[in-house]
Structures are given as C-alpha cells and as structure tokens.
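None of the figures in this text is laboratory data; all of them are computed from the coordinates on show. Not measured: the values here are computed from a predicted model. Please note: Cβ atoms are built from the backbone with ideal geometry, for glycine as well, and neighbour counts cover all protein chains shown.
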Amino acid sequence: MLRRLAAMFYDALLLVAVLLIAVALALLLSNGSFTYHDPFFRTLMFLLCFIFYAWFWLHGGQTLGMSTWRVRVQRRDGGPITLWQAVLRFMLAIPCLALGGLGFFWMLLDRDRQTLYDRLSHTVMVVLPKK
C-alpha cells in the first residue's frame, strides 16, 4: 500500500508540472482570457490528466512514479490493459479517491489487496522484482 501511495504522490508531482505548462500555454495563446470556470479549459485539464495516465498505462503499464516504485498495472491474465480498461480505471479512480480515498483504502479489506477501481476495471497492480 505504501508503495502505491508513493507512486501516486510522485505521479501527482509530475502531473502538476504538465498541467502548469498547459495552463501557461493556454493563457499565453488566449492573451490571459482563460478562467478556471471556462468549460473548455476544464475539459482540456481533464483530458490532459487522462492522457497522462492512459498513455503510460497503455505503453508499458507504468507511469514514471510506478516505474520508480516497481509496480505495474496489467490485466488479470498478465497482459497489457486495453484502452477501455484505462478509461474505466481513470473514471472510477476519481470518485474512489475524491471520497476520502475510500476506494483506495478498499484494498485493506479486499482479499486480493485490490483497490475498488482495480477490481471494477478488471486490472491488477503487481510488484516487479528488483533488477
């Protein structure tokens, strides 16, 4: 559990950097007219978050934080996750984490130590051996 939390924290730092660059570019291109309440701006930020995670999950099963902490997301049969699983995992993780992390801490009660969004998206997190 601590390994997954550490990977999430590391990825959050990287994602904030990506979003800050995107905000700076959006403000530059719009002459400062974007606001937080603009639906286009919010959609852009949401899509960037999804693309950040989905790209890594679909290309090797690991974000940079997951790679650092030697964990990988995969299908239950050991294969790479599909785009549909990436969408489902991302969309389910939002309420699971937003509700005080209840969907994440579900792993403490789960017999396979899976989060709620892993279980519902039919994905698993595996710890990789040291190289």
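Here are some notes:
- Think of the chain as having a plus end and a minus end, set by charges on the Cβ of Lys, Arg, Asp and Glu; of Phe50, Leu92, Phe105, Phe105 sits farthest toward the positive end of this dipole.
- The chain - percent relative contact order, Cα under 8 Å, separation 6 or more: 23 percent
- Pairwise Cα inverse-distance average, inverted: Kirkwood Rh of the chain (Å): 15.7 Å
- The GNM of the chain, with springs linking C-alpha atoms under 10 angstrom apart, assigns the highest mean-square fluctuation among Val73, Val16, Val87 to Val16.
- The residue among Leu64, Leu83, Leu25 whose Cα reaches farthest toward the positive pole of the charge dipole of the chain, with charges on the beta-carbon of Lys, Arg, Asp and Glu, is Leu64.
- When the chain is treated as a Gaussian network with alpha carbon springs shorter than 10 Å, the biggest mean-square fluctuation among Arg119, Arg42, Arg76 belongs to Arg42.
- Cα-based helix-to-principal-axis angle, 39-58 vs the chain, degrees rounded to 10: 30 degrees
- Here the dipole of the stretch 28-131 is about 420 debye; that uses its Cα centre as origin and unit charges on the Cβ of Lys and Arg (positive) and Asp and Glu (negative).
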